[in-house]
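Q: Starting off with a structure, shown below.
The values are calculated or read from the model by the stated rules, or taken from the named source; none is laboratory data. Owing to the predicted nature of the structure, the values given are computational and were not obtained by experimental measurement. Methodologically, a virtual Cβ is constructed for each residue, glycine included, from the backbone with ideal geometry; neighbour enumeration extends over all protein chains shown.
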Amino acid sequence: MRYENRDLIERLAADYAVGALRGPARRRFERLMAADATIAHVVEGWSLKLDALAEAARRLEEPEATPSARVLHAMARNHMNSHVRFTLAESLSHRGTLLGIPLKPDAEDRFARLAAESLEKQRKIEAADRVDFETYRQRYLNPELLGAEALEK
C-alpha cells in the first residue's frame, strides 16, 4: 500500500477511529501512527469529529441539555422571555466575575500606561482640529464630498 496517498490515509484513519480497522491491519496502522505524526494528527481529527457527532446525537436524545434550551428556560423563568434582559443580566454577572479577578501588577501598570498614552494622543488630535464637530459632521455627510456622482454612474 502507498501510505503517501492522502485519500488512503484519510480512509484508514476514519476506519481506525470508528473501530472498523481490525487485527493485523489495525496493528500495522498503529505502528504507522507511532512513526508519523501527520497520520496521528489525521486520526485525532477523525476522533474529534466522531466525538462531536456522538455529543450531537446525545443532545438529540436529551434536548434539555442543549445550551439553547437552557437559555430559553432561563429567559422564560427569570427574565419574562426577554432576550435583552437575559443578555444584560448575563453580561453584568460576567462583568462582576471578571472584575473579581485581580490583574497582576505589571499588567495593571501596562494597561494604565496604554490608557494614558491613548488619552494623550486623543488630546493632541483634538487640539489639532481647526473646525468644530458640527461643521466636520456636515462636511463628512455632504453628498457632494462623498462622491455621490460616482455612485450614480
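Q: Taking the stated definitions as given, is VAL84 in contact (Cβ under 8 Å) with a residue 12 or more places away in the chain, assigned to a helix (DSSP H, G or I) and either among the hydrophobic types (A, V, I, L, M, F, W, C) or touching a Leu at 6+ places or on another chain (Cβ under 9 Å) (or both)?
A: Numbers: in contact (Cβ under 8 Å) with a residue 12 or more places away in the chain: no; assigned to a helix (DSSP H, G or I): yes; either among the hydrophobic types (A, V, I, L, M, F, W, C) or touching a Leu at 6+ places or on another chain (Cβ under 9 Å) (or both): yes.
Criteria not met by VAL84.
Q: So THR135 fits all but one of (1) part of a helix (DSSP H, G or I); (2) surrounded by fewer than 10 Cβ atoms within 10 Å (Cβ to Cβ); what number is the exception?
A: So the condition that THR135 fails would be (2).
Q: Kindly indicate whether HIS79 is touching a Lys or Arg at 6+ places or on another chain (Cβ under 9 Å) and not assigned by TED's automatic domain parsing to the domain that holds ALA20. Before the answer, list the steps.
A: Values: touching a Lys or Arg at 6+ places or on another chain (Cβ under 9 Å): yes; not assigned by TED's automatic domain parsing to the domain that holds ALA20: yes.
Considered against the rule, which asks whether it is touching a Lys or Arg at 6+ places or on another chain (Cβ under 9 Å) and not assigned by TED's automatic domain parsing to the domain that holds ALA20, HIS79 comes out as yes.
Q: Given (1) surrounded by 11 or more Cβ atoms within 10 Å (Cβ to Cβ); (2) at pLDDT below 95; (3) not small (Gly, Ala, Ser), identify the lone condition not met by GLU61.
A: Status for GLU61: all satisfied but (1).
Residue-wise test of (1) surrounded by 12 or more Cβ atoms within 10 Å (Cβ to Cβ); (2) of a type in the set (A, V, I, L, M, F, W, C); (3) not assigned by TED's automatic domain parsing to the domain that holds ASP51.
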position	(1), (2), (3)
LEU12	yes, yes, no
ALA17	yes, yes, no
LEU21	yes, yes, no
ARG27	no, no, no
ARG31	no, no, no
ALA35	no, yes, no
ILE39	yes, yes, no
